[in-house]
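Student: Structure incoming, see below.
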Amino acid sequence: MANNNSLVGGEPVTRRNSDMIIVIQVLVSVFLCINFLLLTTFFMKEFFYTNMRYILFATTLLSDCLILILSNILAIFDNFQWTMQILLCLIFCILSFVYTVVTPLTLTAMTLERYVAICMPLRHGELCSTRSTVHCIFIIHGLSSVPCFVNVLIFFASAPLSFYRQYRVCSAEIFILYSWQGHIWSAIYQFYFLIMCITIVFSYIKIMKVAKAASGENKKSTWKGLRTVILHAFQLLLCLIQLWCPFIEAAVLQIDVRLYINVRYFNYIIFYLTPRCLSPLIYGLRDEKFFLALKYYVFCGLVENSSFHLTN
């Protein structure tokens with residue numbers, strides 16, 4: 001990691017970064033406020049927290065909030081070169097590792113829910129019950145913990161005891177003591193995302209076939225589900241590119257410090273923040289039932305709509 005207090009063009013880099021840090025604080029604050037409003041709407045209506053698609057939606061919101069808070073704290077510490085003990089940094093990184101995978105896995109589960117709803121409607125109630133959703137969330141967190149568990153075990157086996165007492169600027173890179181660790185880390189994540197991409201492509205093809213054969217209201221609903229799957233695929237692509245960012249940044253650092261800093265902030269905004277603002281767009285604004293409930297609570301019940309009282 002380059003020292004941010006070094007001079008670039010005769011001016012401290014930290015001074016150049018201050019504007020970007022302010023922009024990031026504004027963006028993170030806006031996204032957290034939006035997510036909090038959506039979560040409040042979710043818990044205010046029983047229909048939402050007894051429906052699989054909305055429960056999974058709330059799971060992505062909670063995951064995104066945690067990732068935004070953690071990554072923002074680490075970005076601030078990195079910008080001002082504040083250090084923390086390695087063990088505390090490890091806790092931050094473990095949570096980041098796990099919830100970096102929770103969001104795309106939940107998106108994949110939401111895609112499968114749309115597949116079942118459209119292609120297997122008679123079994124939707126059985127396969128997508130509240131109990132099945134709880135089991136699904138446990139499975140998602142279990143699968144998300146596997147790559148982190150492997151990486152942490154490798155780190156504990158490789159790092160000397162004196163390393164844990166050190167104070168450093170916290171980043172995931174300090175836990176990669178050897179290049180082969182980074183290769184294993186990357187390979188595991190790439191395998192996960194390959195499986196998720198195959199699942200989304202499979203669901204897209206199946207829903208596409210149903211969409212072509214459907215008619216009337218069914219056709220409209222099916223094509224809406226298809227567009228949702230496409231947006232999930234786009235989110236997944238951004239999450240996948242996010243995993244390549246550390247390798248891109250490491251290569252850029254060898255070329256130019258100023259370019260490295262600009263690339264880091266660009267990656268953070270595009271590949272960390274952007275995927276986290278798409279979930280509110282997909283289910284918070286595009287979903288008619290959720291949008292009606294959201295509008296009702298935003299305007300404190302002043303905007304009444306007969307469709308708001310959801311019964312199914």
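Student: Taking only the range 14-59 into account, find how many residues are over 30 Å from Ile261 (Cβ atoms) and not hydrophobic (A, V, I, L, M, F, W, C).
Tutor: 10
Student: Checking the conditions here, which among Phe149, Phe156 is assigned to a helix (DSSP H, G or I), closer than 29 Å to Ile86 by Cα and within 20 Å of the chain's Cα centre (by Cα)?
Tutor: Exactly one residue qualifies, and that residue is Phe149.
Student: Please indicate, with yes or no, whether at least one residue in the range 81-102 is modelled with pLDDT of 85 or more, surrounded by fewer than 22 Cβ atoms within 10 Å (Cβ to Cβ), more than 16 Å from the chain's Cα centre (by Cα) and closer than 21 Å to Asp287 by Cα.
Tutor: no
Student: Does the range 213-234 include one or more residues that are at positive phi and open to solvent by 30 Å² or more (accessible area, probe 1.4 Å)?
Tutor: Checked against the condition, which is being at positive phi and open to solvent by 30 Å² or more (accessible area, probe 1.4 Å), the range 213-234 yields at least one hit.
Student: Regarding the range 120-130, can at least one residue be identified that is in a helix (DSSP H, G or I), under 25 Å from Leu66 (Cα atoms) and open to solvent by less than 20 Å² (accessible area, probe 1.4 Å)?
Tutor: no
Student: Val210 versus (1) in contact with a Phe, Trp or Tyr (Cβ under 8 Å, 6 or more places away or on another chain); (2) open to solvent by 40 Å² or more (accessible area, probe 1.4 Å): which is the lone unmet condition?
Tutor: Failing condition for Val210: (1).
Student: Is it true that Leu238 is modelled with pLDDT of 75 or more, under 17 Å from the mean Cα position of the chain (by Cα) and loosely packed, with under 14 Cβ neighbours inside 10 Å?
Tutor: For Leu238, the condition - modelled with pLDDT of 75 or more, under 17 Å from the mean Cα position of the chain (by Cα) and loosely packed, with under 14 Cβ neighbours inside 10 Å - is not met.
Student: List every residue pair whose Cβ atoms sit under 7 Å apart, with the two residues 6 or more apart in sequence or on different chains, where the first one lies in the range 44-65 and is touching a residue at least 60 places away in the same chain (Cβ under 8 Å) and the second, anywhere, is charged (D, E, K, R) and open to solvent by less than 10 Å² (accessible area, probe 1.4 Å).
Tutor: Met52/Glu113; Arg53/Glu113; Leu56/Glu113; Asp64/Arg276
Student: Sticking with this one: Can we say Ser144 is polar (S, T, N, Q), in contact with a Leu (Cβ under 7 Å, 6 or more places away or on another chain) and buried (at least 20 other Cβ atoms within 10 Å of the Cβ)?
Tutor: Answer is yes for this residue.
The values are calculated or read from the model by the stated rules, or taken from the named source; none is laboratory data. Bear in mind the structure is a predicted one, so any value in this text is a computation, not a measurement. We place every Cβ from the backbone using ideal geometry, glycine too, and count neighbours over all the protein chains shown. Ligands, DNA and RNA are excluded from the accessible area calculation, which covers all protein heavy atoms including side chains. Shrake-Rupley method; radii C 1.70, N 1.55, O 1.52, S 1.80 Å.
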